[in-house]
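Novice: So that we are looking at the same thing, I have put the structure below in structure tokens.
The values are calculated or read from the model by the stated rules, or taken from the named source; none is laboratory data. Quick caveat: nothing in here was measured; it's all calculated off a predicted structure. We place every Cβ from the backbone using ideal geometry, glycine too, and count neighbours over all the protein chains shown.
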Amino acid sequence: MLNQYAWWKYLIIGLVLVTGLIYALPNLFGEDPAVQISPARATVTLDQAVYSRVMDRLSRAEIAPDTAVLENQQLLLRFADTDLQLRAADTLRAYLGRDYTVALNLAPATPTIMQRLGLAPMYLGLDLRGGVHFLMEVDMAAVVRQSEEAYVETLRGLLRDARIRTTVLERPDSGGVRVGLRDAGDLDAVRGLIDRHLSELEVDIGNQGQTLLLNMRDEDIAERRRFALQQNITTLRNRVNELGVAEPIIQQQGSDRIVVQLPGVQDTTRAKEILGATATLEFRLVDEDNDPFQAAQTGRTPLNSLLFFNREGQPWLLQRQIIITGDSITDASSGIDSQSGQPAVFITLDGTGSRRFEDVTGANIGRLLAVVFIETQTEIREVDGEMVRESFTTEEVINVATIRDRLSRRFMITGLGSSQEARDLALLLRAGALAAPITIIEERTVGPSAGQDNINQGFQAALIAFALVIIFMGLYYRMFGLVSDVALIGNMVLIIAALSMLQATLTLPGIAGIILTIGMAVDANVLIFERIREELKFGNSPQAAINTGFSKAFSTILDANVTTLIAAIVLFGFGTGPIKGFAVTLSIGIVTSMFSALMVTRGLVNLSYGGRRRLQTLPI
Amino acid sequence: MRELIRDTRIDFMRHGRVALIISGTLVLLAIALFVVRGMSWGLDFTGGTMVEVGYPESVAIPEVRATLAAAGFDDAQAQHFGTSREVLIRIPPRGELDSADLSGQVLAALRGDNPDVEMRRVEFVGPQVGQELVEQGGLAMLYALIGIMIYVTLRFEWRLALGTIMALSHDALIVIGLFSLFQIEFDLSVLAAILAVIGYSVNDSVVVLDRIRENFRRMRKGTILDIVNASVNQTLSRTVVTSGTTLLAVLALLLLGGPVMNNFALALMIGVLVGTYSSIYVAGAGAVWLGLKREDMIPPKPKQEVDDTP
């Protein structure tokens, strides 16, 4: 009896291994520290002229990039070390200003021919390359509250226009909108108004037709939440672009959470400020008929006005009605007002906003216009042992100026404290407002040196583990051990190939998973070899022993691996970040080790011993 | 043939009852430790802030503590991490401030003292996340056990499945117990290691069970104890070799993987050792103790009554 595979089985084994080798190959080239320059806005182009300017500036600073490639409106500069990279990034950031984003990046040093074929090295996780991971929670209660407050304002307008008088019109703490009618006879009129304009609300009538309680429908609330989350993701994406990060990840997690991963970012404090703040502007006319000081002292404000303060604590009475809000702003940039020399923010409005702004300013020339800056920050406080989230809103009048002319699409505001403040405000206005406040509930930051240490230590541990197992197998099972060593190397290639192909994120626990798989991968071979030894002891011929050994071990190998795979899949399903990385490599390792043990080992054994008729002993 | 273990005929099952009693006691002890002494829960589960910083030269911990206390972090713990140039600072969860920014303040304080302090790692976990991770972690372990139970029941027999689950729970609980006894920090990576141990240990147990099943069909004579004994002996060489290679790999991870991987590797190490023992004693002996009979393992012939009394 002989042990031989059909030619096509060898062909399949060969094809799989060669494909694996090709996919694993890009990992040999490592990554270069790089600086990536891209246009900050769609209107800016990055062409040959910019390229020349950048190269010129770098040579003046005596920083020489290894390569510089301009492709698809992106300029990628590779450097020999991170020191040069950081210096180049700082120089270019100062030189190019805010038309371009200058981001630190790790660029795969894969040869272009491989890149063309779509081959890429494994994607390193943040714990290996350095960077920030944030998990943010969107304050969904605020989303509903804001919607209900907007309904209150809409209703106030509608009732005023219909001349219906109310005793209360408010959003009670329990939620919804409460309307108290002075005259129960107005009930039908109010219901008519709601049916016509706010038909999406559910109406409950109580107190003999004197009060109405309006509630949003559940599906409406769900829709608003979805929208708020989506809007926040978009806004965060815009803000991250402003920060200048290569390959950021911004993803929804669950129903009210957002994951933000910023590879290479070091200054986490600034990143948090930019990501977490919600800032907007309101433009209001100043109430010049009443005395703000008196209102501030007595605490009583006139019906159609609200009391604000400026940074110095000076009170201002502003009209309740808002002319426009930050939502109408399409672009904002910071600079210096050429007349006063003060820091200024230049603002561009959208169509609706500019029409409204034009009308109001045109009709009120000579009057005072106030700009109110509103910033919301969220804090978590402990109240009676419970964690309670509280939003703090700072509202301050940052600028009051006489309307000299009809203002339209583009104009300027001044009155900010410093140029940095002007820059931050412009950035926040450009990037849009968050639909609801967000809180960072988890942060994991790894510095670049720690990331490098992690790679080195992980790699070293994996290498030593690999070497130890290979030496042991070779010594213990002699020729068959060497065969299994070849299969183990093939297994390693396949794991790396699979990770590269799937572009799964390789993390430090992922490396641990690979190391564990190295130890466990030989299990299948051990099972087979022990079986062959047993068969030989029973007095079977070597060829028969090989055949029975493989076939008897098969069901054991299958059962053992499937059960381990179940554990790995559960890990993957439950896992967040680091655990997931471990589960991925473990699962991949289980599958590849089965292939390498059953197919590759068998193929090699068949090839070397299977054809020998007069085989007396086996070197096992 | 080079053999570490040659044709053993150890009467494992003679000590089966004793082994089960010892294992049971250990498990009860582990549970008691978990309940009474509790775990040294890591940041992932308790919430809080952790900052790892690197100094250009060795730094004394009291200095770091003094700097932190001066900046208002009286409750901060500092310890060397890996080398004497790296310091790990932990700050318990705080309610009153937006704690996401504590790390920035810590770094600012340390840099005020020594501008060359390098940020190596920051981890902040909000209290709500920690609570969720505890729940999810417990559920994950439960799901893994149920999934394995179902598979082994389908492929083998329910007593063997239950024996396997006993072995797995035994391994997980003993690792947890040892982490509690020595108050070694229990974080997400240790939880992952325990799940990996479950995966490894089931692999080990299934190999033994597989042989038990095979021997029931092959050995017409002999009691259940004989069969289980023979099965364990026949697979002993494989068990030792595989445990050996896995331990070699895990040892490399423990010694070279760096301080971040330390507890993870330690949990794996304990788990593989206990898992090897449990696949020999707990899984097989457990099934026997649960009343495994020859009839349960022979595929029922048509129209033949199956004895299903326990």
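Novice: Of all residues in region A:595-620, which are modelled with pLDDT under 85 and over 25 Å from B:GLU3 (Cβ atoms)?
Specialist: A:GLY611, A:ARG613, A:ARG614
Novice: Condition (residue is touching a residue at least 24 places away in the same chain (Cβ under 8 Å), out of contact with any strand residue (DSSP E or B) (no Cβ under 6 Å at 6 or more places or on another chain) and buried (at least 24 other Cβ atoms within 10 Å of the Cβ)) applied to region A:536-543: is it met by at least one residue?
Specialist: If we filter region A:536-543 for residues that are touching a residue at least 24 places away in the same chain (Cβ under 8 Å), which is where we start, we get A:536, A:541-543.
Those left that are additionally out of contact with any strand residue (DSSP E or B) (no Cβ under 6 Å at 6 or more places or on another chain): A:536, A:541-543.
Those left that are additionally buried (at least 24 other Cβ atoms within 10 Å of the Cβ): none.
No, the conditions are met nowhere in region A:536-543.
Novice: Could you please find all residues in region B:250-281 being touching a His at 6+ places or on another chain (Cβ under 6 Å) and under 14 Å from B:ALA193 (Cβ atoms)? Break it down stepwise before answering.
Specialist: If we filter region B:250-281 for residues that are touching a His at 6+ places or on another chain (Cβ under 6 Å), which is where we start, we get B:278.
Those that are touching a His at 6+ places or on another chain (Cβ under 6 Å) and under 14 Å from B:ALA193 (Cβ atoms): none in region B:250-281.
Novice: Is it fair to say A:ILE347 is modelled with pLDDT under 80 and either among the aromatic types (Phe, Trp, Tyr) or under 14 Å from A:ILE413 (Cβ atoms) (or both)?
Specialist: Details: modelled with pLDDT under 80: no; either among the aromatic types (Phe, Trp, Tyr) or under 14 Å from A:ILE413 (Cβ atoms) (or both): yes.
No; evaluated as a whole, the condition is false for this residue.
Novice: Restricting attention to helices (runs of 4 or more DSSP H) lying wholly within region B:190-296, give those where 3 or more residues are over 18 Å from B:PHE156 (Cα atoms) and more than 8 Å from chain A (Cβ to nearest Cβ). Write out each step before concluding.
Specialist: Details: elements: B:224-256, B:262-280, B:282-289.
Counting at least 3 such residues, we get B:224-256, B:262-280.
Novice: Tally the residues that are of a type outside the set (Ser, Thr, Tyr) and in contact with a Leu (Cβ under 7 Å, 6 or more places away or on another chain), restricting the search to region A:596-612. Write out each step before concluding.
Specialist: From region A:596-612, those of a type outside the set (Ser, Thr, Tyr) are A:597-600, A:602-607, A:610-612; that's our starting set.
Remaining after also requiring in contact with a Leu (Cβ under 7 Å, 6 or more places away or on another chain): A:610-611.
So the count comes out to 2.
Novice: Quick check on A:SER555: is it free of Cβ contacts under 8 Å to residues at least 60 places away in the same chain, under 15 Å from A:MET520 (Cα atoms) and not hydrophobic (A, V, I, L, M, F, W, C)?
Specialist: On the way: free of Cβ contacts under 8 Å to residues at least 60 places away in the same chain: yes; under 15 Å from A:MET520 (Cα atoms): no; not hydrophobic (A, V, I, L, M, F, W, C): yes.
So A:SER555 fails the test.
Novice: Working carefully through the options A:ALA461, A:ALA487, A:ALA422, A:ALA465, find the one that is more than 14 Å from chain B (Cβ to nearest Cβ), crowded, with 22+ Cβ neighbours inside 10 Å and either at positive phi or of a type in the set (A, V, I, L, M, F, W, C) (or both). Working first, answer last.
Specialist: On the way: A:ALA461 fails: more than 14 Å from chain B (Cβ to nearest Cβ); A:ALA487 fails: more than 14 Å from chain B (Cβ to nearest Cβ); A:ALA465 fails: more than 14 Å from chain B (Cβ to nearest Cβ).
Unique residue meeting the criteria: A:ALA422.
Novice: Restricting region B:86-109 to residues that are farther than 17 Å from B:TRP41 by Cα, of a type in the set (A, V, I, L, M) and outside any loop (DSSP other than H, G, I, E, B), which is nearest to the other protein chains (Cβ to nearest Cβ)?
Specialist: Going residue by residue through region B:86-109, those that are farther than 17 Å from B:TRP41 by Cα are B:86-87, B:95-109.
Right, trim to of a type in the set (A, V, I, L, M) and you get B:87, B:97, B:100, B:102, B:106-109.
If we keep only those that are outside any loop (DSSP other than H, G, I, E, B) as well, we get B:87, B:100, B:102, B:106-109.
On the way: B:VAL87: 13, B:ALA100: 4, B:LEU102: 10, B:VAL106: 11, B:LEU107: 8, B:ALA108: 8, B:ALA109: 13 Å.
Out of the qualifying residues, it is B:ALA100.
Novice: Then there's this: Could you say which residue among A:ASP220, A:ASP204, A:ASP195, A:ASP186 is buried (at least 18 other Cβ atoms within 10 Å of the Cβ) and either modelled with pLDDT under 85 or outside any loop (DSSP other than H, G, I, E, B) (or both)? I'd like the intermediate steps shown before the answer.
Specialist: On the way: A:ASP220 fails: buried (at least 18 other Cβ atoms within 10 Å of the Cβ); A:ASP204 fails: buried (at least 18 other Cβ atoms within 10 Å of the Cβ); A:ASP195 fails: buried (at least 18 other Cβ atoms within 10 Å of the Cβ).
Exactly one residue qualifies, and that residue is A:ASP186.
Novice: Take A:VAL584 and decide whether it is touching a residue at least 24 places away in the same chain (Cβ under 8 Å), under 34 Å from the mean Cα position of the chain (by Cα) and more than 10 Å from chain B (Cβ to nearest Cβ). Please lay out each step first, then the result.
Specialist: Numbers: touching a residue at least 24 places away in the same chain (Cβ under 8 Å): yes; under 34 Å from the mean Cα position of the chain (by Cα): yes; more than 10 Å from chain B (Cβ to nearest Cβ): yes.
It is true that A:VAL584 is touching a residue at least 24 places away in the same chain (Cβ under 8 Å), under 34 Å from the mean Cα position of the chain (by Cα) and more than 10 Å from chain B (Cβ to nearest Cβ).
Novice: Inspect region B:76-85 for any residue being assigned to a strand (DSSP E or B), hydrophobic (A, V, I, L, M, F, W, C), at pLDDT below 90 and under 25 Å from the mean Cα position of the chain (by Cα) and give the result as yes or no.
Specialist: Looking through region B:76-85, at least one residue is assigned to a strand (DSSP E or B), hydrophobic (A, V, I, L, M, F, W, C), at pLDDT below 90 and under 25 Å from the mean Cα position of the chain (by Cα).
Novice: Another question, then. Would region A:428-443 turn up any residue that is free of Cβ contacts under 8 Å to residues at least 60 places away in the same chain and either away from chain B (no Cβ under 14 Å) or of a type outside the set (Asp, Glu) (or both)? Can you show your working first?
Specialist: Of region A:428-443, the ones free of Cβ contacts under 8 Å to residues at least 60 places away in the same chain are none.
Scanning region A:428-443, I find no residue that is free of Cβ contacts under 8 Å to residues at least 60 places away in the same chain and either away from chain B (no Cβ under 14 Å) or of a type outside the set (Asp, Glu) (or both), so the answer is no.
Novice: Right, next: Report yes if some residue within region A:509-532 is outside any loop (DSSP other than H, G, I, E, B), out of contact with any helix residue (DSSP H, G or I) (no Cβ under 7 Å at 6 or more places or on another chain), of a type outside the set (Asp, Glu) and touching a residue at least 12 places away in the same chain (Cβ under 8 Å); otherwise report no.
Specialist: There is no residue in region A:509-532 that is outside any loop (DSSP other than H, G, I, E, B), out of contact with any helix residue (DSSP H, G or I) (no Cβ under 7 Å at 6 or more places or on another chain), of a type outside the set (Asp, Glu) and touching a residue at least 12 places away in the same chain (Cβ under 8 Å).
Novice: Of the residues that make up region A:128-135, is at least one under 12 Å from A:LEU214 (Cβ atoms) and among the β-branched types (Val, Ile, Thr)? Quick ask: steps written out before the conclusion?
Specialist: Residues of region A:128-135 under 12 Å from A:LEU214 (Cβ atoms): none.
Checked against the condition, which is being under 12 Å from A:LEU214 (Cβ atoms) and among the β-branched types (Val, Ile, Thr), region A:128-135 yields no hits at all.
Novice: All but one of (1) within 14 Å of chain A (Cβ to nearest Cβ); (2) farther than 28 Å from B:PHE182 by Cα hold for B:ALA70; state the number of the condition that does not hold.
Specialist: Result: B:ALA70 passes all but (1).
Novice: Residues of region B:110-159 being β-branched (Val, Ile, Thr), in a helix (DSSP H, G or I) and at the interface with chain A (Cβ under 10 Å from one of its Cβ atoms), which ones? Outline the logic, then answer.
Specialist: First pass over region B:110-159, keeping only residues β-branched (Val, Ile, Thr): B:117, B:122, B:125, B:129, B:134, B:146, B:148, B:150, B:152-153.
This time we only want the ones that are in a helix (DSSP H, G or I), so: B:129, B:134, B:146, B:148, B:150, B:152-153.
Listed by number, the residues that qualify are B:VAL129, B:ILE146, B:ILE148, B:ILE150, B:VAL152.
Novice: Related question: Taking A:GLU282 as meeting all but one of (1) charged (D, E, K, R); (2) touching a residue at least 60 places away in the same chain (Cβ under 8 Å); (3) surrounded by 20 or more Cβ atoms within 10 Å (Cβ to Cβ), write down the number of the exception.
Specialist: It fails just one condition, (3).
Novice: Scan region A:161-183 residue by residue and report those that are in a strand (DSSP E or B), touching an Asp or Glu at 6+ places or on another chain (Cβ under 8 Å) and of a type in the set (A, V, I, L, M). Before the answer, list the steps.
Specialist: If we filter region A:161-183 for residues that are in a strand (DSSP E or B), which is where we start, we get A:166-170, A:177-181.
From what is left, the residues that are touching an Asp or Glu at 6+ places or on another chain (Cβ under 8 Å) are A:177-178.
Once the filter is applied, which keeps residues that are in a strand (DSSP E or B), touching an Asp or Glu at 6+ places or on another chain (Cβ under 8 Å) and of a type in the set (A, V, I, L, M), region A:161-183 yields only A:VAL177.
Novice: Does A:GLN503 satisfy being touching a Leu at 6+ places or on another chain (Cβ under 9 Å) and away from every other protein chain (no Cβ under 14 Å)?
Specialist: On the way: touching a Leu at 6+ places or on another chain (Cβ under 9 Å): no; away from every other protein chain (no Cβ under 14 Å): yes.
Here the answer is no, as A:GLN503 does not meet what is asked.
Novice: Counting only residues that are out of contact with any strand residue (DSSP E or B) (no Cβ under 7 Å at 6 or more places or on another chain), under 19 Å from B:ARG94 (Cα atoms), small (Gly, Ala, Ser) and part of a loop (DSSP other than H, G, I, E, B), how many does region B:35-75 have?
Specialist: Final tally of qualifying residues: 2.
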